[in-house]
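This report refers to the structure that appears directly beneath it.
The values are calculated or read from the model by the stated rules, or taken from the named source; none is laboratory data. As the structure is a prediction and not an experimental result, all values here were calculated from the model. For neighbour counting, all protein chains shown are included, and Cβ atoms are generated from backbone atoms with ideal geometry for every residue, glycine included.
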Amino acid sequence: MRMIIQGGHRLTGRVPIFGSKNAIGPLIASSIIIKGPVRLKNVPHILDVVRLLEILQKMGAVVSWINPHELEIDTRDIDPVKVDKKTMKQIRFSILLLGPMLARFKKMIVPEPGGDIIGKRPIDTHLFALKALGASVESDDDRGGLHLEAKKLVGGYIVLPEFSVTATENLIMAAVVAHGHTSIRLAAAEPHVQELCRFLNAAGAKIKGIGTHDLEITGVVALHAPKKAWKVIPDTIEIGTFAVAAAVTHGTIEMSPVIPEHLDALRFVLTSIGVKQELDGTCFRVQGGGRMNAFKLQTMIYPGFPTDLQAPFGLLATQCHGVSLIHDPLFEARLGYLHELIKMGANAIIADPHRAVISGPTSLRGTEIRSLDIRAGVTMVLAGLAAQGETIIHDAEMVDRGYEDLDGRLRSLGAEIVCLEKNE
């Protein structure tokens, strides 16, 4: 898909914030270990969600959309033998199936999951966590994947080798139905990890320490679906994305709903740059147009600045006065989007796979660029909005993996965007 943007328009107005992409993945995956239909609302209608649901459906799950943002999942009759290996390779979300599938079926063969082109994303920590519960893991090249088996999952004292969000989520989903007690140290504490824990507790799990890096889990015999539909938290990454859109187009955007305590790191950086903002209950308002100052940014584990917002803020740095320094220690190829911004006139240097130096402000000009992954893709969209002239983004379908109706919501704010399929 190609996205054609006529830049130079000031974006102004209100925009709805949909459910968190990073939260919905583990919630859907956890339906595998929950007896009875699971109902979720405020579900973002994005491509990664659609594909994850397709994997469950091909295994025999019944998925029913109640309305565009509410669905019901019943996994009682799924068969792990029918897992769709091709689709699993396409989305990183599928890594979240390892823990619950192993917990329920005790034996499975899965391909190594795929995802974005942002550097090597080894699953060693996932496998380490599952092994710590008693699973054996072998590479099965003949049958195209990993062979996981556990006659019995048993809790224990587990110190994770890194603050991996999805590995923490996989471990949680397996531990809640494992035998005995599990202590997890160096657990990730992001809002979507907290969301998973609260959801599982509502289903009958026994998890303590939610929101900290030390989790205590007592295994239970079975989980049952919560009586009420579970509402997914709003997407903090979307909020940050629209905040940057307001700043680089000198516009004013009001976002709702938001959870104020999830925005601490985002608001701190915006304040240091000089971007005006206002928080009123569950409404967040960002106003661009003033002088913006260069900044130093290092992505960190929660409550630090999220790596998923590093690319949009790299774009923002091109419009700031002075030299900005960006350090993203997690993925070694996440700075690749800067090559595309340089084509548009950005003054940026990739110092090494994890650090960049960006000087500004620079006037961006429209040209032909491409989307490398979800977050780089949305950054190209924001760049096109900030640039003068026409920007053509190739492989723009990447954005649909993580943002629902992004072009439509931007048009409602005054953007001039047209999406074309590859044959148009």
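The lone criterion from (1) in contact with a Ser or Thr (Cβ under 6 Å, 6 or more places away or on another chain); (2) not assigned by TED's automatic domain parsing to the domain that holds residue 43 left unmet by residue 217 is number (2). The set of residues from the stretch 179-203 being more than 23 Å from residue 40 (Cβ to Cβ), surrounded by fewer than 23 Cβ atoms within 10 Å (Cβ to Cβ) and in contact with a Gly (Cβ under 6 Å, 6 or more places away or on another chain) comprises 179, 180, 181. Out of 249, 241, I need the residue that is among the hydroxyl-bearing types (Ser, Thr, Tyr) and more than 19 Å from the chain's Cα centre (by Cα). Which one? Testing whether each residue is among the hydroxyl-bearing types (Ser, Thr, Tyr) and more than 19 Å from the chain's Cα centre (by Cα) leaves just 249.
Among 342, 301, which is free of Cβ contacts under 8 Å to residues at least 12 places away in the same chain and surrounded by fewer than 20 Cβ atoms within 10 Å (Cβ to Cβ)? Among 342, 301, only 342 is free of Cβ contacts under 8 Å to residues at least 12 places away in the same chain and surrounded by fewer than 20 Cβ atoms within 10 Å (Cβ to Cβ).
Just one of the numbered conditions (1) outside any loop (DSSP other than H, G, I, E, B); (2) in contact (Cβ under 8 Å) with a residue 40 or more places away in the chain; (3) in contact with a helix residue (DSSP H, G or I) (Cβ under 6 Å, 6 or more places away or on another chain) is not true of residue 348: (2).
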